[in-house]
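Heads up, the thing below is written out as C-alpha cells.
Read-outs: derived from the displayed coordinates by stated rules, not from any lab. As the structure is a prediction and not an experimental result, all values here were calculated from the model. Cβ placement follows ideal geometry from the backbone for every residue including glycine, while neighbour counts extend to all protein chains displayed.
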Amino acid sequence: MNESTIFITEGDSASGSITKSRNVETQAVFSLRGKPLNCFGLTKKVVYENEEFNLLQHALNIEDGMEGLRFNNIVIATDADVDGMHIRLLLMTFFLQFFPDLVKHEKVYVLDTPLFRVRNLPARQAGKQETIYCYSEEEKTAAIKKLGSKPEITRFKGLGEISPDEFSRFIGPDMRKQLMRLEQGDHIQHLLEYYMGKNTMERQEFIIANLKIEVDKVEEPV
C-alpha cells in the first residue's frame, strides 16, 4: 500500500507515456479530459454533477472519507507550462475544498520531470555517449560544461514529448516529486478565496509584483 500511486495527468499524450512505462502492480493513471472546473465556493453537489470530479472521486475511493483511499500517493503530473500550472491549482482547489484531509495527511504531490535532455552525440560511436536530464537552467548549464563538444540539447515542451522508455526513469524508485503541504497557521478558506476567488485588486497587485517571464537561454558555442 505504501508504494501505491495514482498519477493525475492532462490529456492522452502525457497519460500514454506514463501508462506504457508505469509499474502496473503499484501505479495507476487517471487522465483528465481538459481543464477541471474551478470549484471554489461550490457545494459538494458539484462533485456528483461534474463527470470529471465524480470519476476522480470514485477512482480514489474517497466519497466516504480517507479510510477507503486506494492509493497512498496522489501525484499530479502536468506540463511545466502556464496551462499545466493552472491545472495543478484547479486540482489543489478541488482537494482542499472537498477533501482537505488528503493534503493534511500528506498524500498529494506534484511530479517533477526534466525540462531538458543534454547528450554528447559525437561520443556515440566510441560507446561513450552520456545523457544528462536537467530540471533547471542551472543544471542544463552544468551539463553542457561537463559534456562539451556541442552536445545535443532537447527542451521538453510537455510530458507527451518524453518517450515511455525515458519516462520510466522519472516515475521509478528515484521519482522526484514535491509534497503539497499546508504550513502551520494556514487557513484553507482564506487561501482558496485569495488565489481562486474573485479577481480582487489585492490579488492583481500580488501577481504584478511577482510576475516572472522566463525565456529559454541561447547557449554559446562550446
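Tabulated results
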item: Computed helical MRE - 222 nm, the chain, DSSP H runs ≥ 4 contributing -39500 (n - 2.57), nearest 500; result: -11000 deg cm²/dmol
item: Sorted by Cβ density within 10 Å, fewest first, the residues Arg117, Arg155; result: Arg155, Arg117
item: Cα principal axis extents for the chain, largest first, Å; result: 62, 47, 31
item: Likely footprinting exposure, Tyr48, Tyr109, Tyr135, fewest C-beta neighbours within 10 Å first; result: Tyr48, Tyr135, Tyr109
item: Whole-Hz ³J(HN,Hα) from phi, Karplus 6.51 cos²θ - 1.76 cosθ + 1.60, for the stretch 45-51, glycine and proline x; result: 4, 5, 5, 8, 8, 8, 4
item: Mean separation of Cα contacts under 8 Å (6+ apart) over length of the stretch 116-155, as relative contact order %; result: 54
item: Entries in Lys20/Lys146; Lys35/Lys198; Lys150/Lys177; Lys104/Lys177; Lys44/Lys104 that, when Cα-Cα distance is taken, lie over 26 Å; result: Lys20/Lys146; Lys150/Lys177
item: Neighbour-count ranking [beta-carbon atoms within 10 angstrom, fewest first] of Thr141, Thr5, Thr43; result: Thr43, Thr141, Thr5
item: Relative contact order [Cα under 8 Å, 6+ residues apart], the chain, whole percent; result: 22
item: Signed unit charges on C-beta, dipole axis of the chain, positive-most listed residue Met92, Leu69, Leu147; result: Leu147
item: Nearest-ten-degree value, helix 82-98 long axis tilted from longest Cα axis of the chain; result: 30
item: Backbone HN-Hα couplings from phi across the stretch 165-174 [Karplus 6.51/-1.76/1.60, Hz, Gly and Pro as x]; result: 4, 6, 4, 4, 6, 8, 10, x, x, 9
item: Degrees between helix 137-147 axis and first principal axis of the chain (Cα, 0 to 90, nearest 10); result: 20
item: Local electrostatic count at Lys45 - Lys and Arg +1, Asp and Glu -1, tallied over other residues with Cβ under 15 Å; result: -3
item: On Cα atoms only, tilt of 201-210 relative to the major axis of the chain in degrees; result: 20
item: Computed FRET value (nearest 0.05) for Val82 with Leu37, which takes r as the C-beta separation and R₀ as 22 Å; result: 0.75
item: Cα gyration tensor shape of the stretch 1-64, rounded if a/c is under 1.5, else prolate or oblate by comparing a/b with b/c; result: oblate
item: Nitroxide proxy distance, nm - points 7 Å out along Cα→Cβ at Leu55 and Glu193; result: 3.4
item: Principal axes of the stretch 116-155: Cα extent on each, largest first, Å; result: 29, 15, 12
